[in-house]
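Below is one structure, written out as structure tokens; the observations come after it.
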Amino acid sequence: MRIEIQQDSIWYHGSNKIFSELKTNSTITQWKELAEAFSHQPSVLGYDDNGLIYHNGIEKGYLYIIDEPITVGIDVYQHPRTTMDDNAEFLTKRPLKVKMICEL
């Protein structure tokens, strides 16, 4: 599956915790549904060629958006050990402000 990164697009983080600042080395993505799935803390997560996500997470989750500008290569970088396609997962290089947008 091909995932295109848009410089001015929204970045998401899914978690089962409530906070206002995301720590360094946290995972973020522009794929909203992936962040939603990760918020449920699955031990197994995958997706098919059409982007249909499956996982076994059952925890209550929260969806966040990054609440400040992000530049790839400066603020975030591609996850070096991901099993997912390019541009699916990025790691943060510094703490980032977040805003919770919904409970899942």
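Which residue out of L63, L104, L91 is in contact with an Asp or Glu (Cβ under 6 Å, 6 or more places away or on another chain) and open to solvent by less than 30 Å² (accessible area, probe 1.4 Å)? From the options L63, L104, L91, the qualifying one is L63.
Residue by residue, here is whether (1) of a type in the set (A, V, I, L, M, F, W, C); (2) at negative phi; (3) assigned to a loop (DSSP other than H, G, I, E, B) holds:
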position: Q6; (1), (2), (3): no, yes, yes
position: G14; (1), (2), (3): no, yes, no
position: N25; (1), (2), (3): no, no, yes
position: A35; (1), (2), (3): yes, yes, no
position: F38; (1), (2), (3): yes, yes, no
position: Q41; (1), (2), (3): no, no, yes
position: I101; (1), (2), (3): yes, yes, no
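Answer yes or no as to whether Y64 is in a strand (DSSP E or B) and closer than 13 Å to E33 by Cα. Spelling it out, Y64 is indeed in a strand (DSSP E or B) and closer than 13 Å to E33 by Cα. Pairs linking a residue in the stretch 78-96 that is under 13 Å from Q30 (Cβ atoms) and without any contact (Cβ under 8 Å) to a residue 40 or more places away in the chain to a residue that is open to solvent by 80 Å² or more (accessible area, probe 1.4 Å) and part of a loop (DSSP other than H, G, I, E, B), with Cβ atoms under 6 Å and 6 or more positions apart or on different chains, do not occur.
Among the candidates I58, I74, I10, the residue that is assigned to a loop (DSSP other than H, G, I, E, B), in contact with a Lys or Arg (Cβ under 9 Å, 6 or more places away or on another chain) and without any contact (Cβ under 8 Å) to a residue 40 or more places away in the chain is uniquely I74. Identify the residue in the stretch 77-88 that is open to solvent by 70 Å² or more (accessible area, probe 1.4 Å) and not in a strand (DSSP E or B) and, among all such residues, is nearest to S43 (Cα to Cα). It comes out as T83.
Reported count of residues in the stretch 13-33, each being within 12 Å of G61 (Cβ to Cβ) and either without any contact (Cβ under 8 Å) to a residue 12 or more places away in the chain or surrounded by 20 or more Cβ atoms within 10 Å (Cβ to Cβ) (or both), is 3.
The values are calculated or read from the model by the stated rules, or taken from the named source; none is laboratory data. Only a predicted model underlies this, so the values are computations on that prediction, with no experimental measurement involved. Virtual Cβ from ideal backbone geometry, glycine too; neighbours counted across all protein chains shown. Protein only, heavy atoms only, side chains kept; ligands, DNA and RNA dropped before computing areas. Shrake-Rupley method; radii C 1.70, N 1.55, O 1.52, S 1.80 Å.
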